[in-house]
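Participant: Submitted below is the structure of interest, expressed as C-alpha cells.
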C-alpha cells in the first residue's frame, strides 16, 4: 500500500479567507494536507516549485498576479496540478476564462462551507494521475504518515509503543532512494510509476513517499525481513525501467523514528555511488565491489620533479594511476576528490610559470577547468577535465624548445631543491655559482618572479607537507628535516603560508 496525503496550496490575498479555509474540514483525516499559503500568483509560483502541490486553490482577483494568469502558467508548466477557483458572484467572466484554461472546479466564496469544499477537493484528487486519495477509514495509515511527516521535519515526537506497532505492523524498515541524472530526459511521472510498481509487487508492506522533488525521491518501506530480497529485486526492476534515475536500497533498520537520519545517510551514499559508478542505475551496498585498502599518498614532489625534467608522459601516467585508485573508492568524499584534481592543475600551472614557459593561456583556462571539475556529476568526467588540461599543457610546452628562462636560474633552483634541508643563505648560494651576492639577489628575483628567501621557504614548506603524510615522523623532526633549527619558527612560517599549524594541517588532510 502506498500512502501519501494530497498536498494543497491556498492562494488568496485575504488572510481571513485563508484562515477560514483551514478550519472548514479535518484535512489530514480526509487525506489532504495544506503545504502552504500565498497572497498572490507570483508568491504561489515560487511555492509550487518548492512544494509540488497536487491541488492549487486560488482566488481570481489578486494584486501582482491574479488567478487567471496564475492558472494559465500552471496549465503550461505544471499540467498535472489540479486548480480550484475561488470567486465572488460578480466574477463570472473571469471564471469562464479560467475554465477555458482547464481548471478542475470553482467555488463561490459566499457559499463556501465544509461539505462543498471537501467535495471539490475530492473531485480534484480523483483527476490526479496515478494517485489514490487516503480515505477516512484508513486511520492507521494516516496516523503513520503524520508521524513520518513530523520525524522528517526534525521533530522529536513522543510515541506510544502500541500505537507505533499498529501504524507500522511489519518488522523492518528500508529506504528506497532515487536521484535524477543531470542531462537525461524524463519519461513520465517516475515517482508515481515507482509507487504503483511497489504497491503491486510488494504485498504485506507499507510504502510511504517521504521525499519528492524534480531531482530526488525517497520512499520508506515497512516490510518483513523475509521479503527483503523481494524488495531488492523489485527496486532493481524499477531501476531497469527508469534508467534516467539512480536507485539504491538501504540496509534494514528497526526504529522507524530514525527515518530522517537513515534517509539523509542513504541519500548521501547514493550521490557517491552514482558519482563513482555513473553507468550503474541500481545500488545496494552488499552488491558494491570491495575497496582495495590503499594508504599511500600521492607524491606531489616526485610528480613535479618529473615535470621539471620534462618527463611529462611519466608524470601524467603516475598521476592517473593514483587518480584511478581514488575514483574506485566510493566511500571517499566527492568534494575532496575534486579538490585533489584542481590542486594538481593549480600546482602544474604554477610550476610551468616558474620553469619559464609561456603559460598565460593556461593561467586563464585553469579557472574554466576548475568550474568544470566542480560541476562534474561523474568521477570520469572530472578526471577527463584534468587529463585534457595536462595533455594540452604538455603538447604546448613541448613545442617550446628551451623555454624563455635563462638556463642558469634552472640550475640554481635545482640546487636549492637538492639542498633545502641545509642552511641556505643568499651569500652562500651566490658564492657557489660565482655571483656577486647583490647581483645574485636581483638576478634571482628577475628570473623567478619571487625573491631568493621566498623561494627557499616555499620549497621547504612543500617538502614539510610531504613529510606530514608520514605519521611516524613528529612535527619537531620534520622542522629539522626541512632546514629549520628553530621548531617554533618553523611552525610560525608554516602557518603563515598554509593558514594553519603543521599539526592542524596533518589532522585535517592526512588523518
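Participant: I'd like to check something: does the range 283-306 contain any residue that is outside any helix (DSSP H, G or I), surrounded by 14 or more Cβ atoms within 10 Å (Cβ to Cβ), in contact (Cβ under 8 Å) with a residue 40 or more places away in the chain and touching a strand residue (DSSP E or B) at 6+ places or on another chain (Cβ under 6 Å)?
Facilitator: yes
Participant: Out of the residues in the range 166-186 that are modelled with pLDDT of 80 or more and not in a strand (DSSP E or B), which is farthest from residue 224 (Cα to Cα)?
Facilitator: Once the filter is applied, the top-ranked residue is 181.
Participant: Out of everything in the range 124-149 that is exposed (fewer than 14 other Cβ atoms within 10 Å of the Cβ) and part of a helix (DSSP H, G or I), what residue ends up being modelled with the lowest pLDDT?
Facilitator: Among those that are exposed (fewer than 14 other Cβ atoms within 10 Å of the Cβ) and part of a helix (DSSP H, G or I), it is 139.
Participant: Collect the residues in the range 412-455 that are part of a helix (DSSP H, G or I) and in contact (Cβ under 8 Å) with a residue 40 or more places away in the chain, keeping them in residue-number order.
Facilitator: Across the range 412-455, the qualifying residues are 413, 414, 416, 417, 447, 448, 455.
Participant: For the subset of the range 1-31 comprising residues that are touching a helix residue (DSSP H, G or I) at 6+ places or on another chain (Cβ under 8 Å) and part of a helix (DSSP H, G or I), which member is farthest from residue 209 (Cα to Cα)?
Facilitator: Among them, the one singled out is 17.
Participant: Then there is this: Tell me which residues, restricted to the range 486-510, are in contact (Cβ under 8 Å) with a residue 40 or more places away in the chain and part of a loop (DSSP other than H, G, I, E, B).
Facilitator: Those that are in contact (Cβ under 8 Å) with a residue 40 or more places away in the chain and part of a loop (DSSP other than H, G, I, E, B): none in the range 486-510.
Participant: While we're here: Kindly evaluate residue 85 against the criterion of being in the same structural domain as residue 21 (by TED's automatic domain parsing), modelled with pLDDT of 85 or more and farther than 15 Å from residue 57 by Cβ.
Facilitator: no
Participant: Just the residues that are under 22 Å from the mean Cα position of the chain (by Cα) and closer than 23 Å to residue 164 by Cα, please, taken from the range 213-248.
Facilitator: Within the range 213-248, 218, 219, 220 meet the criteria.
Participant: Being assigned by TED's automatic domain parsing to the domain that holds residue 324, in a helix (DSSP H, G or I) and crowded, with 19+ Cβ neighbours inside 10 Å: is that true of residue 382 here?
Facilitator: Spelling it out, residue 382 is indeed assigned by TED's automatic domain parsing to the domain that holds residue 324, in a helix (DSSP H, G or I) and crowded, with 19+ Cβ neighbours inside 10 Å.
Participant: Please determine whether any residue of the range 32-48 is outside the structural domain of residue 201 (by TED's automatic domain parsing), part of a loop (DSSP other than H, G, I, E, B) and either surrounded by 22 or more Cβ atoms within 10 Å (Cβ to Cβ) or modelled with pLDDT under 85 (or both).
Facilitator: No, there is no match, as no residue in the range 32-48 is outside the structural domain of residue 201 (by TED's automatic domain parsing), part of a loop (DSSP other than H, G, I, E, B) and either surrounded by 22 or more Cβ atoms within 10 Å (Cβ to Cβ) or modelled with pLDDT under 85 (or both).
The values are calculated or read from the model by the stated rules, or taken from the named source; none is laboratory data. All values reported here derive from a predicted model rather than from experimental measurement. Heads up, the Cβs are rebuilt from the backbone with ideal geometry, glycines too, and the neighbour counts pull from every protein chain shown.
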